[in-house]
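No value in this document is a laboratory result; all are computed from the given coordinates. Bear in mind the structure is a predicted one, so any value in this text is a computation, not a measurement. Cβ coordinates were reconstructed from backbone atoms using ideal geometry, including for glycine residues, and neighbour counts include every protein chain displayed.
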Protein chains: 2
Amino acid sequence: VRDLLPRGERIEPRLAGAVADTLSTPGSLWRAQLAFAVARACALSEPDAEALATGVEAFHTASILFDDLPSMDDAATRRGRPCAHRAHGEAAAQLAALGFVHRGYARFWRAFEAAAVLDRRAAAALVEECLGLTGILDGQARDVAFGTGEVSPAEVVRVARGKSVTLLRLALELPAIVAGAPAEVRERLAALADAWGLAYQVLDDLEETTRPDGTDARLGRPNLALVAGRAAAEARVDAELVRAHALVAALAATLPALRAPFVRLSFRLAGLRAAVAPPAGRA
Amino acid sequence: VRDLLPRGERIEPRLAGAVADTLSTPGSLWRAQLAFAVARACALSEPDAEALATGVEAFHTASILFDDLPSMDDAATRRGRPCAHRAHGEAAAQLAALGFVHRGYARFWRAFEAAAVLDRRAAAALVEECLGLTGILDGQARDVAFGTGEVSPAEVVRVARGKSVTLLRLALELPAIVAGAPAEVRERLAALADAWGLAYQVLDDLEETTRPDGTDARLGRPNLALVAGRAAAEARVDAELVRAHALVAALAATLPALRAPFVRLSFRLAGLRAAVAPPAGRA
């Protein structure tokens, strides 16, 4: 899963540095692992599953490189190291991010190769829906603009859907589309992406407000725990985890190979939930 | 050719503004026209030809939005209007550019749909070669870094190949690949993209040095007329135009439908050449 980019020998040094640096801290790769698991459970070949998984990870990597730029979050560090734009310059970070976008498409194209023409068309439509102007780009724009317009729980959820759910749909729903899975399976995977994506984002919001160096409040960032209150944010997480639980059970009944990886992620989210605050029932 | 993007109704206002503004000044669309002409000459359907043409234009549009950003050229105006990042903010301009990238892929995917699997694979490889880290991204990185490393005519030509030739290869070579044209035709179109792309870029360099407000000299930009001298730059243009002339003749003999659009672009380049300085023969 790690060979996202070829080591170009004659690439301009700062651009090559930004790419190599980013590749050296790959993160936990849980989106890629989910994509691989769904693809294999839906009977895609191992090379196709790997192409989908690396494609998802490439787009995720591009999105965090863009997010960290001065015009967006202006972040200083990522995964314990200086951000690419701080170490290699803004232009190099931006061009590296585009390199990951193009790599993502190349991997996806490869994974779609053997699919039926209508499945390929549906897959391409989902990719643009998730990554284009109605998807992650709208989420990032709303994130940057937050505070200049509507400040409401609904707008915070819109940002979370745009930024977190879109990438999870590529990990969960896209492999099923490419494999020509039944509509019921695809819809459940889309709903699961929504539930997990929102739960994950709101857990991140809750965790951020407990940190002494948390900056969301100071910078007026979209954070459900700040905009709706901690109790409402915790209730939303719990509702999404309950929704996810039912979807995992239904999907595991149809595709037993999904049980282990899905339960693993459920445990991970439950652990984050417990770390943030005791669930309402136990309080 | 103008409906590059859907008018998203609920897209974040600054992002929507940057997209709408960019679409309102579409430029001369000569790359799109070339792509359409080659696609039709190679017997692709009209919808497929249009998809390739709009895809090429979308990627070209994305590249100029990125080029104009503060971290790159920091341009003030484009096509007679304030640049997108000046009018709508840097984040919106960046996200709009990404919207054009994703739109470009959606159009290309559509055009590749009916092609044979090996042609689709070759097409996808060319797209990443031209747009990825070995293509336009390397050209843009070298453009930004110019002056910090090697300052030579060879490096200036490398930048021009990266920035201008790559997009022309998508306009000229890609439609032929998608159509499954013979290798000879594809190779001539690739060579023509090289000749025209270099001629066009060096003509731009020559023109820039004659303008009183030309900034290439002051900013140390890669400009062949400055690095190699005007005479050498003019000689290079003439050599590329001679090379292009022979390729146009050979291609028009095989695909007569290409004669008219190719001769039209040849005249345009000859006009630019005459405006810059009298050809060496007449001096």
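By how many nm would the segment from A:Ser24 to A:Arg211 lengthen if fully extended, with 0.36 nm per residue of separation less the alpha-carbon distance?
Stretched out fully, the A:Ser24 to A:Arg211 stretch lengthens by 64.6 nm.
Give the range of the longest stretch in chain B that excludes all GluC sites (Glu not before Pro) found in loop regions by DSSP and having at most 12 other beta-carbon atoms within 10 Å.
Of all site-free stretches, the longest is B:10-149.
Using helices alone, I'd like the mean residue ellipticity at 222 nm for chain B: each DSSP H run of four-plus residues gives -39500 (n - 2.57), total over residue count, nearest 500.
Values: 14 runs with 200 residues, N = 283.
The helix contribution divided over chain B gives -23000 deg cm²/dmol.
Shielding by partners for A:166-179, please: the mean number of other protein chain Cβ atoms within 10 Å of each residue's Cβ.
0
Using the 2.2 N^0.38 Å rule of thumb for compact globular proteins, work out how the stretch A:180-242 stacks up: its C-alpha Rg over that value, please.
It is 1.38.
Calculate, axis by axis, the spread of Cα positions in the stretch B:210-283 along the three principal axes, and write the results as whole Å, longest axis first.
On the principal axes, the stretch B:210-283 reaches 46, 24, 18 Å in Cα extent.
For each of A:Thr134, B:Thr254, B:Thr54, count neighbouring Cβ atoms within 10 Å of the residue's Cβ, then give the residues from fewest to most.
Arranged by neighbour count, lowest to highest, A:Thr134, B:Thr254, B:Thr54 become B:Thr254, A:Thr134, B:Thr54.
Starting from the amide H of A:Arg78, placed 1.01 Å from N in the peptide plane, find each other amide H under 5 Å away whose residue is 5 or more places distant or on another chain.
A:Cys83
Pop the C-beta distance of A:Ala183 and A:Ala246 into the FRET formula with R0 = 22 Å and round what comes out to the nearest 0.05.
0.75
Could you sort the peptides B:95-106, A:190-201, B:36-47 by per-residue average Cβ neighbour count (10 Å cutoff), highest mean leading?
Output ranking for B:95-106, A:190-201, B:36-47: B:95-106, A:190-201, B:36-47.
Could you tell me whether the stretch B:1-158 comes out rounded, prolate or oblate from its Cα gyration tensor? Rule is a ≥ b ≥ c as square roots of the eigenvalues, rounded for a/c under 1.5, then prolate if a/b exceeds b/c, otherwise oblate.
Cα axes put the stretch B:1-158 in the oblate bin.
For the stretch A:89-195, what does the equivalent ellipsoid look like in terms of its semi-axes, each the square root of 5 times an eigenvalue of the Cα gyration tensor, given largest first in whole Å?
Taking √(5λ) for each eigenvalue gives 27, 21, 9 Å, largest first.
Of B:Ala76, B:Thr25, B:Gln94, whose Cα points farthest to the positive end of the dipole of the stretch B:1-109 (charges on the beta-carbon: +1 Lys, Arg; -1 Asp, Glu; origin at the Cα centre)?
Most positive-ward Cα: B:Thr25.
So, how do all the Cα-to-Cα distances of the stretch B:107-258 break down into 5 Å bins, in percent, from 0 on up?
Whole-percent P(r) values from 0 Å outward: 2, 10, 16, 19, 17, 14, 10, 7, 4, 1, 0.
Give, as a single signed number, the net charge of other residues whose beta carbon lies under 9 Å from the beta carbon of A:Thr25, with Lys and Arg counted +1 and Asp and Glu -1.
Around A:Thr25, the charge tally is +2.
Ordered shortest first, which distances in nm separate the 7 Å Cα→C-beta label point of B:Thr210 from those of the other copies?
7.0
Restricting to Cα pairs below 8 Å that are 6+ residues apart, what does the relative contact order work out to for chain A? Please round to a whole percent. Intermediate results must be reported in sequence, preceding the final value.
On the way: 374 pairs, mean separation 50.3, N = 283.
Relative contact order, chain A: 18 percent.
Does a label point 7 Å from the Cα of B:Ala275, set along Cα-to-beta-carbon, have any residues of the stretch B:220-238 with amide nitrogen under 20 Å, and which are they?
Residues B:223-226, B:230-231, B:233-238 fall inside that zone.
For the protein assembly as shown, what Kirkwood radius comes out of the mean inverse Cα-Cα distance, in Å?
24.9
Assuming R0 = 56 Å, can you tell me the calculated FRET efficiency for the pair B:Glu129 and A:Ala231, based on Cβ-Cβ distance, to the nearest 0.05?
Details: r = 54 Å, r/R0 = 0.96.
Rounded to the nearest 0.05, the efficiency is 0.55.
Mind checking the dipole of chain B: about its Cα centre, +1 per Lys or Arg Cβ, -1 per Asp or Glu Cβ, Debye to the nearest 20?
520
What does the net charge come to around B:Gly89 if you take all other residues with beta carbon closer than 14 Å to its beta carbon, with K and R at +1 and D and E at -1?
That sum, taken over residues with Cβ under 14 Å, equals -3.
Using only the Cα atoms of chain A, what semi-axes does the equivalent ellipsoid have when each is the square root of 5 times a gyration tensor eigenvalue? Give whole Å, largest first.
Ellipsoid half-lengths, sorted descending, are 28, 27, 16 Å.
Where in chain A are the DSSP H helices whose C-alpha atoms run 15 Å or more along the long axis and whose mean Kyte hydropathy is at least 0.5?
Within chain A the helices that satisfy the rule are A:30-41, A:117-131, A:166-178, A:230-254, A:259-276.
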